[in-house]
Each structure stands twice: as structure tokens, then as C-alpha cells.
Amino acid sequence: MPEITFQPQQLRRYVTEVCAALGSEGREAELVADQLVGANLAGHDSHGVGMMPAYVRGVLAEQLFCNRHATVARDGDAVLVVEGNRAFGQVAGYEATELAIERARRTGVALVALRNSFHIGRIGHWGEQCAAAGMVSLHFVNVAGHPPVVAPYGGSDGRFTTNPVCIAIPAAGGRPPVLLDMATSVIALGKVRVARNKGEQVAERALLAADGQGTTDPEVMFSRPQGAIMAFGDHKGSGLAIMCELLGAALSGGDTTAPHHARDGSVLNSMLSIVIDPGAVTSHDALIAEAEAFCDHVKASPVRPGFDEVLLPGEPEARSRAARAEGIPVDDGTVAELRLAAEEAGLAADRVAALLG
Ligand code: NAD
């Protein structure tokens, strides 16, 4: 499918102007742009500016509210429970993560349960926020508010969603953090959307049609009855997805995908973050030195046929950032959705044309 290449700054301007048209004040639009354009730069278009149409729909449907913030519901010093208040997830996620970093600096470790925020996007963004502050972090996340789309191992219909998990270890000397950030489904739902917009098929063993048979056609996730995405890694990945739901939401007091919770079509995330100050366990420098030695050892494994090199988690994103610094390709299907969303948000047609061409 044809695509248009945008400068990162152009996409930032699109996001900030659409947010402003929706009513965002203060830093809100900048925080949304930081994360969405950051996801495009990292190569995760599924969580990039292509999310704006869902956010515009969310605001217009009063499922997502501009200018709301995370609020502390319970303060137990090293344990904080934070309400997401259906604020922009980019605001609630940023604020909850800042709180976690500040607490971990004081107490050595902080456990922050953020519940029922609107979509908090690419979880690696929060791991990077912690790593930039020199912290180790673990994040377990669930997704609720809309019908579940991921089938458990052995099941045939959606019972939970793409429940991401992220673990970040800081690095030094300009190296990117070691950052595992992944959906627990074979593919993220956003990647099914991107494949559909591009008119492409998805990989084998990722999707089930509504009759429980395997398929590569992304359309099964957008038709009724709906198909399902498979959890990654058979019983092990399915088990990790279930734990993300139980830690991210059941422990946090957020909505799980159990049927007694309302499903109004919104995208709600709950996230349990554990943020650790390495200085409270070993020393920051000792962690960095040992991690570097270990990672060098891992990367030196002789490459097997079919591979070019051994990459660490986080390296593909760092490379994408370098490659996309001068231009981010966006497929025509997504650009058309962005245009429509901007007009729905209230931007004049000539301004939309100036922003997106
Ligand atoms: P992915 O499969 O592209 O990458 C997963 C991890 O594997 C990353 O840490 C990456 O660095 C690493 N990796 C990729 N290729 C590698 C290679 N060749 N060698 C070594 N490591 C490699 O990611 P995904 O599972 O498609 O998830 C995409 C994004 O979706 C993530 O940022 C996730 O946080 C986000 N997500 C968000 C939600 C939400 O509700 N907010 C839900 C699901 C997923």
C-alpha cells in the first residue's frame, strides 16, 4: 500500500493540534505527542499516531477526558494506588511513573498500581522513563473496557486482551536500556489493524477465525462474529497473559475482562509497576558493569543460519529510532483515518490538509 513519509516534527504538530482542538491544556498535548510519535520512531506504528482516531472517538463518546490527571487513592509510602480517572493514558502513565521513580529513590523500591486509565500506549515508554532515571522497572498490564480478543491456550475465543509486560534495565554510555516490551499475544491488536490498513496478511499461527480455525486474514478481527488472536508461546505465554491480568488489574483494583465489568467500547489499561533503585540492592555502577558484560557475552553467540546477528531486547527499537529520525512512513489507509479524526476533533479542513498534505 502507498505511504507518505512525515518528519517526526510534522506528526508531533498533528497530534498536538488535534489534542488542542479536543480541549487539551498545559502539557497534555505534548505528553500525548511524546509517546505516540515516540512509538512510531521506535518502529511500533501500532501504538503511534494511528491511535489518534481512537482517542478522538473516546473524547467525543465521553469515555476519555481531557485535562484529567492521575490521583493517589492510597498512599502506603512504598506502595501507591493511583486512579487513572479515564485521563489520557499518556498523562496518567507519565504521572504514575514519575511518582514511582520519586518513591523508589526514597524507599529503594516502589510498587505503583495505576488503575483504569484510558489507553497508556507503548509500555516501553514507561520503562524508558524509569531507565532514564537510573531505575530498573517491571510493568504488568491488562486491557479492559471492550470485548476481549485473545484466546487462552486451548481456547477458541477472546477471554483477555493483549496484556503487555515490560522489563527495563538502565544502561550507560549512550547505550539504550535493555528493554523487553511485548504483548503476550502472538501479535498486538494494533498490528492486526496496521496489516488490515496495508491490505497485508498476518503471520501464520497468530489468528483464529470465529470457527476456531487458524487464519492469516486480519479481517477476522473486524467482522462479526469476531475471531481471536492467539496468546504467544502456547501454555507459557497464555499463563503470563493471565498473570498480567491478575497483577495488572485484579491486584490493582482495576477492571479485569471478567463479564461483570462494563464494556463500553473504550480502551482501559491497568498497570502494576515495580520500580527498583539499583543502589538499594547493589550499586548503580555494579549493575551497569555486570549487565554490559553479560549482554556482550550474549551478543557474541555465533549467529545461526538465517540470522544476521544476535540482538538484545530494545535494540530493534533503538535502530528504528536512528533510521526514522529523518522520516516516518505512514500508510495511506492510516493517513485517511488521521484526516477524518482531525476533522471530527474540530480542525478546519484546510488546516488538516496543511498538517497531513
Ligand atoms: P515486538 O514483538 O515487536 O517486540 C517485543 C520485544 O522483543 C521488544 O522488547 C523487542 O525489543 C524485542 N525484539 C524484537 N525483535 C527482536 C529480535 N530480533 N531479537 C531480540 N529481541 C527482539 O512487540 P509486540 O509484542 O508486538 O508489542 C508492541 C507494542 O505494543 C509494545 O510496545 C507493547 O507495550 C504495546 N502494547 C500495548 C498495549 C496496551 O494496551 N497499552 C497492549 C499490547 C501491546
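Residue by residue through region 126-148, note down the ones that are among the hydrophobic types (A, V, I, L, M, F, W, C) and either within 16 Å of the chain's Cα centre (by Cα) or buried (at least 24 other Cβ atoms within 10 Å of the Cβ) (or both). First the steps, then the outcome.
From region 126-148, those among the hydrophobic types (A, V, I, L, M, F, W, C) are 126, 130-133, 135-136, 138, 140-141, 143-144; that's our starting set.
If the condition is that a residue be among the hydrophobic types (A, V, I, L, M, F, W, C) and either within 16 Å of the chain's Cα centre (by Cα) or buried (at least 24 other Cβ atoms within 10 Å of the Cβ) (or both), then Trp126, Cys130, Met135, Val136, Leu138, Phe140, Val141, Val143, Ala144 are the ones that fit.
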Odd one out for Glu219, checked against (1) more than 10 Å from the ligand (Cβ to nearest atom); (2) closer than 30 Å to Glu3 by Cα; (3) outside any helix (DSSP H, G or I); (4) modelled with pLDDT of 95 or more: (3)
Being surrounded by 16 or more Cβ atoms within 10 Å (Cβ to Cβ) and touching a residue at least 24 places away in the same chain (Cβ under 8 Å) is the requirement here; does Ala280 meet it? no
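Right, Ala203: outside any loop (DSSP other than H, G, I, E, B), within 12 Å of the ligand (Cβ to nearest atom) and either among the hydrophobic types (A, V, I, L, M, F, W, C) or more than 20 Å from the chain's Cα centre (by Cα) (or both) or not?
Numbers: outside any loop (DSSP other than H, G, I, E, B): no; within 12 Å of the ligand (Cβ to nearest atom): yes; either among the hydrophobic types (A, V, I, L, M, F, W, C) or more than 20 Å from the chain's Cα centre (by Cα) (or both): yes.
In short, no.
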Residue ID - surrounded by the fewest Cβ atoms within 10 Å (Cβ to Cβ), chosen from residues in region 234-259 that are small (Gly, Ala, Ser), in contact (Cβ under 8 Å) with a residue 40 or more places away in the chain and part of a loop (DSSP other than H, G, I, E, B): Gly253
Qualifying residues in region 294-315 (those that are more than 13 Å from the ligand (Cβ to nearest atom) and in a helix (DSSP H, G or I)) - the one farthest from Leu179 (Cα to Cα): His297
Which of the following residues is part of a helix (DSSP H, G or I) and within 16 Å of the ligand (Cβ to nearest atom): Ala291, Ala341, Ala336? Ala291
In region 62-93, residues that are within 23 Å of Gly279 (Cα to Cα) and in contact with a Leu (Cβ under 7 Å, 6 or more places away or on another chain) total 3
Give me the residue from region 211-233 that is buried (at least 22 other Cβ atoms within 10 Å of the Cβ) and of a type outside the set (A, V, I, L, M, F, W, C) and, out of that set, farthest from Asp157 (Cα to Cα). Pro218
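Would you please name the residue that is nearest to Gly199 (Cα to Cα), looking only at residues in region 334-347 that are touching an Asp or Glu at 6+ places or on another chain (Cβ under 9 Å) and of a type in the set (Gly, Ala, Ser)?
Pass one, region 334-347, residues touching an Asp or Glu at 6+ places or on another chain (Cβ under 9 Å): 334-335, 342, 345, 347.
Of the ones still in play, those that are also of a type in the set (Gly, Ala, Ser) are 342, 345.
Values: Ala342: 23, Ala345: 27 Å.
Across region 334-347, the extreme among qualifying residues is Ala342.
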Say whether the condition of being under 14 Å from the mean Cα position of the chain (by Cα) and free of Cβ contacts under 8 Å to residues at least 24 places away in the same chain is met by at least one residue in region 13-31. no
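For His139, are the conditions met, namely being of a type outside the set (Phe, Trp, Tyr) and within 12 Å of the ligand (Cβ to nearest atom)?
Working: of a type outside the set (Phe, Trp, Tyr): yes; within 12 Å of the ligand (Cβ to nearest atom): yes.
The answer is yes for His139.
Just a yes or no: is a residue in region 150-157 within 11 Å of the ligand (Cβ to nearest atom), closer than 30 Å to Glu3 by Cβ, surrounded by fewer than 24 Cβ atoms within 10 Å (Cβ to Cβ) and within 19 Å of the chain's Cα centre (by Cα)?
No; the residues of region 150-157 include none that is within 11 Å of the ligand (Cβ to nearest atom), closer than 30 Å to Glu3 by Cβ, surrounded by fewer than 24 Cβ atoms within 10 Å (Cβ to Cβ) and within 19 Å of the chain's Cα centre (by Cα).
Among the listed residues Leu240, Leu251, Leu179, identify the single one that is under 22 Å from the mean Cα position of the chain (by Cα), hydrophobic (A, V, I, L, M, F, W, C), at pLDDT 95 or above and more than 15 Å from the ligand (Cβ to nearest atom). Working first, answer last.
Numbers: Leu240 fails: more than 15 Å from the ligand (Cβ to nearest atom); Leu179 fails: more than 15 Å from the ligand (Cβ to nearest atom).
Result of the check over Leu240, Leu251, Leu179: Leu251.
The values are calculated or read from the model by the stated rules, or taken from the named source; none is laboratory data. Quick caveat: nothing in here was measured; it's all calculated off a predicted structure. Cβ coordinates were reconstructed from backbone atoms using ideal geometry, including for glycine residues, and neighbour counts include every protein chain displayed.
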